[in-house]
Amino acid sequence: MNATLHHSDRAETSFGCRLPALLAIFALLIGRSALAEEPPPNVVVFMVDDLGWQDVSYPFGPEVTGFNRRYHTPNLERLARGGTVFTDAYSASPVCTPTRTAFLTGSHPARTGITYWTLHADRDTSTAHPRLRRPDWRLEGLAEDDVTLPGLLRDSGYRTIHIGKAHFGAIGTSGADPQRLGFETNIAGHAAGGPGSFYGIHDFAARKRQGRTGPSVWDVPGLEAHHGKDVYLTEVLAEKAVEEIRRTGTDDRPFFLHFAPYAVHAPIMPNHRHLDAYRDLDPKEAAYATMIESTDAALGRILETLDELDLADRTIVVFTSDNGGLSAHARGGAPHVHNAPLRSGKGSAYEGGVRVPMVVAGPASSGIHADGRRITTPVTVIDLFPTVLDLAGVGMPSAHGTSVDGVSISGLLRGDDASGPPRDRGLAWHMPHQWGARGPGIEPFTSYRRDRWKLLFFHDGPRVELYDLRSDLGETHDLAADHPEVVDRLLLDLDAWMTSTGADLSIDAATGLPVDRPASLARSSGD
């Protein structure tokens, strides 16, 4: 046999050798093309009002508690089993408007100046404190020229929908109307943070619930078709959400749905369709439990509709709350115990005021793990702003990026811990206001968590407390005297954070000057 190959033979052999590699490259290019053509995911953010960390049957803590056993939330359990659970998730504030506006902008309330709940642009809603006055703050809330998450998504081709509680801006301002903040559709959202009534027979208005005449700022707008009917507000809003999701049949744009039921905010009013299951509870607590079950049923209606329309594998669902659970008033039994083992509740600097449930579930194409894994890295609702943009493939304007305090947690959702926020990232809460109730931690404060340690800087004094959340989740043992080096380090960290965000401290009523800064209390450099 001639050992020398002809030119044509060599060419054929060479091509044959390269064929597998060429096919592999061709397949890779096809895969990349298909990936590039993958439609953006739909996004549902289910933002409950005043839902505490313990107000669900799924345990976000290390063990199942009596509160977990009390409530019935099977749909949240389903979402948790098929998604990622964040055990150490936080609101941006212990009250509503600051968290809701921080979610919409990605900026901390201390940076935006929206540090308390809004209602009237010319009237402060803070309660008087005997020794402190609140600093100037943004009473009007958000405005239409603010950069918002729905605005960015809308400009990138999303259909943006708001349903339920808005509470982004004060009465008569542009921020009172979600459609001026980037939402294409607004159903039942306005300036007030609570409903006049949860009952259709009351027209969702305060006047019929309270037996008086005349309109109220709390009356829920836009649901006139349901006035006088035996319907419950949470259920009506859920059906509106279903209607909007079904519009995908005629509008093929991806959608962003911000579903924000007024529940479980006061007034505590039972949904009588669920009441029989809670007859053994205090009447107020039974009513509260029905509100939670109604909220979970609304989540179920949304999930069922996504399944029915084959949208579940194209939709990211986020479930969370705007602050800790109400406990200081309007509940049954003793106050300040309804979030145990967490201390206190809504309005408080303690964990009961700011720790919230959070679950994120999404399609395999987004890379989100669907195995119910539990993430203990501390995260905040503010992180949802960059996270949703990241998952939706929408860029953040560079000019706004400098004011974004949230960090994308998409890496954590995909199992890449290295690309997410570090466990020892500092998280802060800032409320230089007196909330309307009294109780543990309910006073003007700024607090700071770094890894296991949480420092509370109360403006009255000022004074500090220190807790080790790893061993004392209930914040029962103040360790400030035992660990002065930790206190000093965190005071300096907190002071630097306040400088970077422009956080304004409470005003000493006697001197008219801001209270002393955290660094002034540090006894060493804290190296």
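Amide hydrogen proximity for residue 409: with H placed 1.01 Å from N in the peptide plane, the residues at 5 or more positions away or on another chain lying under 5 Å are 387. Applying D = kT/(6 pi eta Rh) to the chain, where Rh is the Kirkwood radius over alpha-carbon pairs, T corresponds to 25 °C and eta to 0.890 mPa s, the Stokes-Einstein value obtained is 101 µm²/s.
Only Cα pairs under 8 Å and 6+ residues apart enter the sum, and on that basis the relative contact order of the chain stands at 20 percent.
Can you classify segment 84-243 as rounded, prolate or oblate using the Cα gyration tensor, where a ≥ b ≥ c are the square roots of its eigenvalues, rounded means a/c under 1.5, and otherwise it's prolate if a/b beats b/c and oblate if not? Because a/c hits 1.5 or more and a/b fails to exceed b/c, segment 84-243 counts as oblate.
Just the protein heavy atoms count here, and of the accessible area of the chain at 1.4 Å, carbon and sulfur take up 53 percent. Neighbours of residue 187 by Cβ distance under 13 Å: Lys/Arg scored +1, Asp/Glu scored -1, total -3. Give the percent of DSSP beta bridges with both residues in the chain that are antiparallel, rounded to the nearest 5. Around 55 percent of the beta bridges assigned by DSSP in the chain are antiparallel ones.
Highest mean packing first, where packing is the average number of other Cβ atoms within 10 Å per residue, the peptides 275-287, 452-464 line up as 452-464, 275-287. Close amide-amide hydrogen proximity is noted between residue 380 and 90, each under 5 Å apart and 5 or more residues distant or on a separate chain (H modeled in the peptide plane; Pro and chain starts excluded).
Annotation: amide H-H contacts under 5 Å for residue 265 (H modelled 1.01 Å from N, sequence separation of 5 or more, or interchain): 49.
Between residue 243 and residue 124, the distance separating the two model label sites (each 7 Å from Cα on the Cα→Cβ line) works out to 4.2 nm.
Compared with the direct C-alpha span, the chain from residue 225 to residue 400 gains 59.0 nm at full extension, assuming 0.36 nm per residue. Counting charges near residue 498 (Lys, Arg +1; Asp, Glu -1) among other residues having Cβ under 13 Å from its Cβ returns a value of -3.
As a rough guide to protection, the peptides 336-343, 481-488 ranked by mean Cβ packing within 10 Å, highest first, stand as 336-343, 481-488.
Estimate the FRET efficiency between residue 519 and residue 250 by the formula 1/(1 + (r/R0)^6), using the beta-carbon distance for r and 56 Å for R0, to the nearest 0.05. With R0 = 56 Å, the Cβ-Cβ based efficiency is 0.45. Each residue of segment 118-124 was assigned a 3J(HN,Hα) from its phi angle through the Karplus curve 6.51 cos²θ - 1.76 cosθ + 1.60 (θ = phi - 60°); the sequence is 9, 7, 10, 5, 10, 9, 6 Hz, with glycine and proline shown as x.
Listed values for segment 340-357 are Karplus-derived 3J(HN,Hα) couplings in whole Hz (6.51 cos²θ - 1.76 cosθ + 1.60, θ = phi - 60°), namely 4, x, 5, 8, 6, x, 2, x, 9, 6, 6, 4, x, x, 10, 7, 9, x, and x replaces Gly and Pro.
Distances longer than 23 Å among the Cα atoms of segment 231-378: what percent of all pairs is that? Tail of P(r) above 23 Å: 47 percent of Cα pairs. In the context of the full set of protein chains, residues of the chain present 39 Å² of accessible surface per residue (probe radius 1.4 Å, heavy atoms only). Within the same chain, lysines fewer than 8 places from residue 454 are excluded, and of the rest, those with a Cα less than 29 Å from its Cα are 346. Summing charges over all other residues whose Cβ lies under 14 Å from the Cβ of residue 91, with Lys and Arg as +1 and Asp and Glu as -1, gives -4. Taken along the Cα-to-beta-carbon direction at a fixed 7 Å, the label points for residue 63 and residue 418 span 3.7 nm. Applying 1/(1 + (r/R0)^6) with r as the Cβ-Cβ distance of residue 373 and residue 476 and R0 = 25 angstrom yields a FRET efficiency of 0.25.
Computed 3J(HN,Hα) for segment 492-497, one whole-Hz value per residue from the Karplus formula 6.51 cos²θ - 1.76 cosθ + 1.60 where θ = phi - 60°, is 5, 4, 5, 4, 5, 4, glycine and proline marked x. For the residue pairs 208/229; 208/240; 165/240, alpha carbon separations beyond 19 Å are given by 208/240.
In the chain, the calculated helix contribution to ellipticity at 222 nm averages -8500 deg cm²/dmol per residue, counting -39,500 (n - 2.57) for every DSSP H run with n ≥ 4.
The values are calculated or read from the model by the stated rules, or taken from the named source; none is laboratory data. In this text the structure is predicted, and so the values were computed from the model without any measurement. Here Cβ is always computed from backbone atoms with ideal geometry, including for glycine, and neighbour counts include all displayed protein chains. Just the protein is used for accessible areas: all its heavy atoms, side chains included, with ligands, DNA and RNA removed. Shrake-Rupley method; radii C 1.70, N 1.55, O 1.52, S 1.80 Å.
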